[in-house]
Amino acid sequence: MHTTHATAGVVRIGPNSIIQTVGALNEVYGAEDARAILERIGHSALNEQLPTDMVDEQVFMALINALRTDLGFEATGKVLARSGERTADYLLANRIPAPIRILLPWLPSSLGLRIFLKAIAGHAWTFAGSGRFSYDVGRRGATICLADSPECRGMATDAPLCHYYTHCFQALLRPLINPRLIVRETACGAMGADACTFEVTIP
C-alpha cells in the first residue's frame, strides 16, 4: 500500500472542488434555481465570483454540508457526483499531458493504474487537503483509500457518502485505463471506517 500524507499545516484544496460543484448545481437545477439555492444557504458570493486559486478545504466542506442541510443527502449526492465528473473532465483536458492520455490506454490495466495512481499520489494534497491518500494495485484493479476525507469528515450515515471522489476517480480512470472500469466506495468514514475505500474493478 502506497501512502501519501498531506504536508503539515496544508489545508488547501483545488478550486475545482468549488467551481465544479457550483457548475453541477446549475446543471441539475438550472441557473435561476441554483442562484437561489446559493443565496439561501449563505453562499451567494459564489454567484458573483468563483475561486481561481487554491481554497481552504473548509470552504468546500461548508458548501457541501450547507447543501445537504438544504437539499438533503440524496439530492446533494447527485450534485456532488456530477461535480466529480466535471472535475475529472477538467483535469483530463487541462492537467493530463497528451502523451499520457495516448499511452496509458494501450498499457496493461494494472501497469496503467500503477503509473497513474503513483502520479496522483504525488499531487494528492490538491484534492485530499489534510486527508491521507493511499492506493494498492492488483492484477484486475486497485484499491484507493482516503483517510479523513473532506467530503464526509464529521458526518455519520449508514451509507457511503463520498460521491464527489467516487465519480471523479471513475471519470478520470475510464478514458485512461479502461472504458468499462467501475469505481465503488465500499467503506466510508461517515460509516465509522478508518478510511474511505474505493474499489477499482475492470469487468
Accessible solvent surface per residue of the chain, calculated while the other protein chains remain in place, 1.4 angstrom probe, Å²: 49 Å²
Phi to ³J(HN,Hα) by Karplus 6.51 cos²θ - 1.76 cosθ + 1.60 over region 189-203, Hz, x for Gly, Pro: x, 5, 9, x, 6, 5, 8, 6, 10, 10, 8, 9, 10, 10, x
Residue among A66, A156, A128 with the largest mean-square fluctuation in a Gaussian network model of the chain, springs linking Cα atoms under 10 Å: A156
Test item: Cα-centred dipole of region 1-102, Lys/Arg +1 and Asp/Glu -1 on Cβ, debye: 320 debye
Label-zone membership for region 148-175, site N65, 7 angstrom Cα→C-beta point, backbone N under 14 Å: 149-157
Surrounding net charge for D70, when Lys and Arg each add one and Asp and Glu each subtract one, Cβ distance under 15 Å: +1
Qualifying trypsin sites (Lys or Arg not before Pro) in region 114-182, DSSP loop, other Cβ atoms within 10 Å at most 13: R139, R140, R180
Accessible surface of the chain, 1.4 Å probe, proportion on carbon and sulfur as whole %: 55 percent
Local electrostatic count, R101, Cβ distance below 14 Å [Lys/Arg +1, Asp/Glu -1]: +1
Charge tally in the Cβ shell below 14 Å around C168, where Lys, Arg are +1 and Asp, Glu are -1, C168 excluded: +1
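The values are calculated or read from the model by the stated rules, or taken from the named source; none is laboratory data. The structure displayed is predicted, hence computed values, not measured ones. Cβ coordinates were reconstructed from backbone atoms using ideal geometry, including for glycine residues, and neighbour counts include every protein chain displayed. When the accessible area is computed, the model is the full protein with side chains, heavy atoms only, and any ligands, DNA or RNA have been set aside. Shrake-Rupley method; radii C 1.70, N 1.55, O 1.52, S 1.80 Å.
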